[in-house]
Ligand code: BG6
């Protein structure tokens, strides 16, 4: 291995004097990582590049073996060369460790609905485990279309691969990606199948937003400082805006997206997770169950809403210009129905029914093919209760604003008023900026894979959270998908814009930087 201390995970933390140091946060047990869907896009784009980078940084267990499984007939050598190409294109370029990393990679052809095929896989994994000394520990990563989750979980169970600590076996964990169902009923069905064979502690439901540095930082920011918490409520906060704007269109994912749309794709998971981190109460410990309890409590307090004017705006991108080039509209994208009514943009106003947040709107906005990729959370504070400057300034004082930026910059900025130097009484807004200057130490997929190997659920969804988010969204999805005026309610916006006019004012509030720019 390239690294010197292969069994130790290192993460950068900052000590109190501001200097950064490496901290050992746990021992990584040897294991075999089995990827289902190994010939697919997610494996090539995210999973293998993440595992390779973990190898380079010494954050993979030792020993480890990685077995790709899919329907496509491939030899292990063919799989290795495909993955090498993928890492050259998608990974972090340093290919010096590739040949040793490639020696941990294997491939097995598999038929997903055949118990026999899974029994053969079980025998193969047991043999590999004997050769590599991976102590019977298994991670099963389902990089598959969601329609196969239940089938694969069942086959794993029937082949005895879900059993933990039996017959000299170590642990067995299953990793599933969203979507976790397409509504409350299907989420419950999927969960029933998973739980038939796996216990909750064996199940890791990924939300890659939770592994982003700035997203993880929200809890540190709120609960490792005393100065923000006393004002983090309806007394001081006017509104919260959460925006995830993307430049990308549907790309080659029409098959999935035509069934999902933006509410299932972004709101049921990433957007509501961001909201829960901003709005939840302080957990008693920074520990997965305690943190997830608080999130679920928050989801339970979200007011059920119907499609009242302005509370939900749905849009779909039409043709437009992006970076000076003409781009197609959603309906012209390959695989999309020419009359498709699937929304690619949504603005939704949520309210939380508790003492802290009563009456404070949480405006969540996400869309594809927007002008820029920008992910940010804006805490808009209230205006001062009484302006002593109104006679001299004759203008409204711009309220404070706290921006948590997730993309493209990762950082936090706070805007406040100061006196403009000079004889005249003038205010000028100043912005105090904090930027993560080293880039992320671990990319989101590296972080989730690591936590799964460590058995830490903090950054993963728990089933009750999923059920609560579907409870909130299923009625609105039903209303949007079955209402009479579905076509009229779907506003077209040009690709490369900031979404439909109907959402314009609120979107401007969330993204507009002009009013908060510091004076030179
Ligand atoms: C995924 C969605 O979960 O998140 C995609 O399925 C979306 O449609 C992506 O593009 C956005 O993630 P990020 O990290 O690029 O903001």
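A quick yes/no check of all residues on (1) without any contact (Cβ under 8 Å) to a residue 60 or more places away in the chain; (2) in contact with a helix residue (DSSP H, G or I) (Cβ under 8 Å, 6 or more places away or on another chain); (3) within 19 Å of residue 38 (Cα to Cα):
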{"residue": "122", "(1), (2), (3)": "yes, no, yes"}
{"residue": "125", "(1), (2), (3)": "no, no, yes"}
{"residue": "128", "(1), (2), (3)": "no, no, yes"}
{"residue": "139", "(1), (2), (3)": "no, yes, yes"}
{"residue": "144", "(1), (2), (3)": "no, yes, yes"}
{"residue": "160", "(1), (2), (3)": "yes, yes, no"}
{"residue": "174", "(1), (2), (3)": "yes, yes, yes"}
{"residue": "179", "(1), (2), (3)": "no, yes, yes"}
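It is to be established whether one or more residues within the stretch 387-397 are touching a residue at least 40 places away in the same chain (Cβ under 8 Å), in a loop (DSSP other than H, G, I, E, B) and either surrounded by fewer than 16 Cβ atoms within 10 Å (Cβ to Cβ) or within 16 Å of the ligand (Cβ to nearest atom) (or both). There is no residue in the stretch 387-397 that is touching a residue at least 40 places away in the same chain (Cβ under 8 Å), in a loop (DSSP other than H, G, I, E, B) and either surrounded by fewer than 16 Cβ atoms within 10 Å (Cβ to Cβ) or within 16 Å of the ligand (Cβ to nearest atom) (or both).
Going by the structure shown, is residue 462 closer than 27 Å to residue 179 by Cα, in contact with a strand residue (DSSP E or B) (Cβ under 9 Å, 6 or more places away or on another chain) and more than 16 Å from the ligand (Cβ to nearest atom)? When the stated conditions are applied, residue 462 passes them. Could you tell me whether any residue of the stretch 324-334 is in a strand (DSSP E or B), at pLDDT 95 or above and crowded, with 18+ Cβ neighbours inside 10 Å? There is at least one residue in the stretch 324-334 that is in a strand (DSSP E or B), at pLDDT 95 or above and crowded, with 18+ Cβ neighbours inside 10 Å. Somewhere in the stretch 134-153, is a residue on the phi > 0 side of the Ramachandran plot, within 16 Å of the ligand (Cβ to nearest atom), outside any strand (DSSP E or B) and modelled with pLDDT under 95? Looking for residues that are on the phi > 0 side of the Ramachandran plot, within 16 Å of the ligand (Cβ to nearest atom), outside any strand (DSSP E or B) and modelled with pLDDT under 95, one finds none in the stretch 134-153, hence no.
Within the stretch 336-354, if we keep just the residues that are more than 16 Å from the ligand (Cβ to nearest atom) and out of contact with any strand residue (DSSP E or B) (no Cβ under 9 Å at 6 or more places or on another chain), the residue that is farthest from residue 501 (Cα to Cα) turns out to be 354. Yes or no: the stretch 92-103 includes at least one residue that is under 32 Å from the mean Cα position of the chain (by Cα) and at positive phi. So far as the stretch 92-103 goes, yes, one or more of its residues are under 32 Å from the mean Cα position of the chain (by Cα) and at positive phi. Give the residue that is farthest from the ligand (Cβ to nearest atom), with candidates limited to residues of the stretch 249-258 that are crowded, with 16+ Cβ neighbours inside 10 Å and part of a loop (DSSP other than H, G, I, E, B). Top of the filtered list is 249.
Among residues that are outside any helix (DSSP H, G or I), in contact (Cβ under 8 Å) with a residue 24 or more places away in the chain, touching a strand residue (DSSP E or B) at 6+ places or on another chain (Cβ under 6 Å) and within 16 Å of the ligand (Cβ to nearest atom), residue 242 is included.
Could you check the stretch 355-386 and list, in sequence order, the residues that are within 16 Å of the ligand (Cβ to nearest atom) and in a loop (DSSP other than H, G, I, E, B)?
Initial filter on the stretch 355-386 (within 16 Å of the ligand (Cβ to nearest atom)): 364-377.
The answer is 368, 369, 371, 372, 373.
Here residue 382 qualifies as touching a residue at least 12 places away in the same chain (Cβ under 8 Å) and more than 28 Å from the chain's Cα centre (by Cα). Here is the figure for the stretch 57-84: residues that are assigned to a helix (DSSP H, G or I) and in contact with a helix residue (DSSP H, G or I) (Cβ under 8 Å, 6 or more places away or on another chain) total 4.
Can you tell me how many residues within the stretch 301-313 are outside any loop (DSSP other than H, G, I, E, B) and in contact with a helix residue (DSSP H, G or I) (Cβ under 6 Å, 6 or more places away or on another chain)?
Summing the residues that are outside any loop (DSSP other than H, G, I, E, B) and in contact with a helix residue (DSSP H, G or I) (Cβ under 6 Å, 6 or more places away or on another chain) in the stretch 301-313 gives 2.
Table: residues versus (1) in a helix (DSSP H, G or I); (2) within 11 Å of the ligand (Cβ to nearest atom).
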position: 222; (1), (2): yes, no
position: 238; (1), (2): no, no
position: 247; (1), (2): no, yes
position: 270; (1), (2): yes, yes
position: 277; (1), (2): yes, no
position: 290; (1), (2): yes, no
position: 294; (1), (2): yes, no
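In the set 5, 11, 78, 85, only one residue is at pLDDT 95 or above and surrounded by fewer than 19 Cβ atoms within 10 Å (Cβ to Cβ); that residue is 78. Give the stretch 259-268 a look and list any residue that's within 11 Å of the ligand (Cβ to nearest atom) and farther than 16 Å from residue 375 by Cα, or say none. Result: 260, 261, 264, 268. Residue-level check: of (1) more than 16 Å from the ligand (Cβ to nearest atom); (2) buried (at least 19 other Cβ atoms within 10 Å of the Cβ); (3) closer than 18 Å to residue 237 by Cβ, residue 450 misses just (3). Is there a residue being over 30 Å from residue 208 (Cβ atoms) and either modelled with pLDDT under 90 or buried (at least 19 other Cβ atoms within 10 Å of the Cβ) (or both) anywhere in the stretch 400-407? Yes, the stretch 400-407 contains a residue that is over 30 Å from residue 208 (Cβ atoms) and either modelled with pLDDT under 90 or buried (at least 19 other Cβ atoms within 10 Å of the Cβ) (or both). One residue stands out in the stretch 182-213 among those that are touching a strand residue (DSSP E or B) at 6+ places or on another chain (Cβ under 7 Å) and part of a helix (DSSP H, G or I): the one that is farthest from the ligand (Cβ to nearest atom), namely 202.
Answer yes or no: is there a residue in the stretch 104-115 that is buried (at least 18 other Cβ atoms within 10 Å of the Cβ), in a helix (DSSP H, G or I) and out of contact with any strand residue (DSSP E or B) (no Cβ under 6 Å at 6 or more places or on another chain). No, the conditions are met nowhere in the stretch 104-115.
The values are calculated or read from the model by the stated rules, or taken from the named source; none is laboratory data. Not measured: the values here are computed from a predicted model. No Cβ is skipped: glycine too gets one built from the backbone with ideal geometry, and neighbour counts run over all protein chains shown.
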